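Have a look at the structure below, then the notes.
The values are calculated or read from the model by the stated rules, or taken from the named source; none is laboratory data. It should be emphasised that the depicted structure is a prediction, and the values quoted were computed from it without experimental measurement. The accessibility values were calculated without ligands, DNA or RNA, using every heavy atom of the protein model including side chains. Shrake-Rupley method; radii C 1.70, N 1.55, O 1.52, S 1.80 Å.
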Amino acid sequence: MKKALIITYYWPPAGGPGVQRWLKFVKYLRDFEVEPVVYVPENPEYPIMDFTFENEIPEGIKIYKQKIFEPYQLASIFSKKKTKSISSGIIQTKDQSLLEKVLLWIRGNLFIPDARKFWIKPSVRYLQQVIEEQGIETIITTGPPHSVHLIGMKLKANNSIQWIADFRDPWTSIGYHKKLKLTKSSQKRHLQLESEVLNRADSIIVTSNTTKKEFSNITDQPITVITNGFDSRKFSSYKLDDAFTISHIGSLLSGRNPIVLWQALKELTEENADFRKNLVLELIGVVSKDVLESIQSHQLEPYVRMEGYVSHEKAIERQQRSQVLLLVEIDSEETKGIIPGKFFEYIAADRPILGVGPEGWEVAQMISETCTGSAFTYMEAQAIKTQLLEWFIAYQKKELYVKSQHIEQYSRRELTGKLAQLI
């Protein structure tokens, strides 16, 4: 069996989408004659915890751990809430306090590429011995945080090994990058490090065709698209909600604020008594202040049911119980290639997906190809309203369902087989 050393910051008991990609790959790699060896931080500062993921770690997997210094621990002395929001990517865009502005400037300019940079040197020293003892031939780094890729770059320079760099999200083109108050020299440094990683890795993995196209302008190294996926497709045994629930599961950041949807819902509740009586807007996960204010300004607060972060198991249940699943992405050129991890679990839930995102969004094409719903831009209020009304009429007749197609290509095991071919 080949051995692959997987270097990742996110690992159980971390919650959220960042942990799932490589937890699932590790789960299935042995099926393809690859023995995974995992390296993770010993004392990480995870913004979200989900201990249920620990049950999915395969038995007998060798896991190495090394302590990490987290600057966020120090920053939390000043404001634990604001520090946690920034560390999880929730950056308030309006009415920023002086403290928020200072924390963002420090995060963007003093911690390059990110606040986990202090894990690089001790990890390189520690893993050198692991590589020799375990006979590692391939190392895989996954980011963000992109500091993890710098560990891989240094190990590659010191050893005759294959290095695969996996990008769950882009680096310098990610939406929040512009909000970090970067100086020109800091921006230049990010671009330099990005280029070094992309050109020194033997192979690069990305999660979308858009990111592949972007990186192809920076490097000639081979780039493979391996999306996220769903673990297994189990037909729902859950009873559908009696209410017309439109559920968003996951973080609704300030930029993910579909005012066009709130407007459509406002009009439908004003014009249709049955719609008004049955509507429930369910928001599961962290919701930014900006989004909540928009919902309130459209008089939708009476229809909102909010719940914070729930376990992955509970999230799957809510997906399968909901009448409609809401998927939202920031309306910008940079987010056309962002495919939220929950999209794949949405399509496995066999519930209609309402997508709202940028023009040319890669997800819109995938929704169309899999026949799992409809996607709209931020300019299509009337079209969104028409679609919701159509689905509501079907819901009243108990005929609201989808007939998905071509989704097995996104199963975690199928995707792991694609990964194994690179190792």
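Here are some notes:
- Cα radius of gyration and Dmax for the chain (Å): 21.7, 69
- Spatial offset of segment 200-258 relative to segment 1-40 amounts to 18 Å, using the alpha carbon center of each.
- Alpha-carbon Rg with Dmax, taken over segment 162-318, Å: 20.9, 62
- Tail fraction, Cα-Cα pairs, segment 148-254, threshold 18 Å, whole percent: 63
- The ellipsoid equivalent to the alpha-carbon distribution of segment 291-423 has semi-axes of 26, 18, 17 angstrom, derived from the gyration tensor eigenvalues as √(5λ) and listed largest first.
- Of all accessible heavy-atom area on the chain, the percent that carbon and sulfur account for (1.4 Å): 50
- Gain in span if fully extended, residue 280 to residue 368, counting 0.36 nm per residue against the direct Cα distance: 29.1 nm
- 5 angstrom amide H check on residue 402, placed H, neighbours 5+ away: none
- Of 42, 194, the residue with the largest accessible area leads and the full order is 42, 194 (1.4 Å probe).
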